[in-house]
Amino acid sequence: MNYNVTAIPGDGIGPEIVREARKVLDQVGRVYGHSFHYTEVLMGGCSIDAHGVPLTDEALETARNSDAVLLGAVGG
């Protein structure tokens, strides 16, 4: 099966956590015949820095249209 996953690394330690979690999901996919397509969006302090808001409408819509959301630490 193919899955669309919105990855929200966030900030702080979030990007490192999400990067490793994606490796785990990719290995699960190899073992069980699944594939994961990731779309990365910003949330938290990094989104405020880039867009002036902690979560844009576009990022929220991307998450709503995904099969799952992989969320890292958000703060900053």
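Specify the residue that is least open to solvent (accessible area, probe 1.4 Å); the eligible residues are those in region 1-32 that are over 19 Å from S66 (Cβ atoms) and in a loop (DSSP other than H, G, I, E, B). Of everything passing the filter in region 1-32, D11 is least open to solvent (accessible area, probe 1.4 Å).
For the structure I just gave you, tell me whether V41 is of a type in the set (A, V, I, L, M, F, W, C) and either at positive phi or open to solvent by 70 Å² or more (accessible area, probe 1.4 Å) (or both). It is false that V41 is of a type in the set (A, V, I, L, M, F, W, C) and either at positive phi or open to solvent by 70 Å² or more (accessible area, probe 1.4 Å) (or both).
Do any residues in region 39-64 that are touching a residue at least 40 places away in the same chain (Cβ under 8 Å) have Cβ atoms under 9 Å from those of residues that are of a type in the set (V, I, T) and buried (at least 19 other Cβ atoms within 10 Å of the Cβ), where the two are at least six apart or on different chains, and which pairs are they? What qualifies is A59/T6; A59/I8; A59/V41; T62/T6; T62/V41; A63/T6; A63/I8; A63/V41.
Condition check for S35 on (1) open to solvent by less than 40 Å² (accessible area, probe 1.4 Å); (2) of a type outside the set (A, V, I, L, M); (3) touching a residue at least 12 places away in the same chain (Cβ under 8 Å): one failure, at (1).
The values are calculated or read from the model by the stated rules, or taken from the named source; none is laboratory data. Given the structure is predicted, the values throughout are model-derived calculations rather than measurements. As a convention, Cβ positions derive from the backbone with ideal geometry for all residues, glycine included, and neighbour counts pool all protein chains shown. Areas reflect the complete protein model, heavy atoms only, side chains present, ligands, DNA and RNA absent. Shrake-Rupley method; radii C 1.70, N 1.55, O 1.52, S 1.80 Å.
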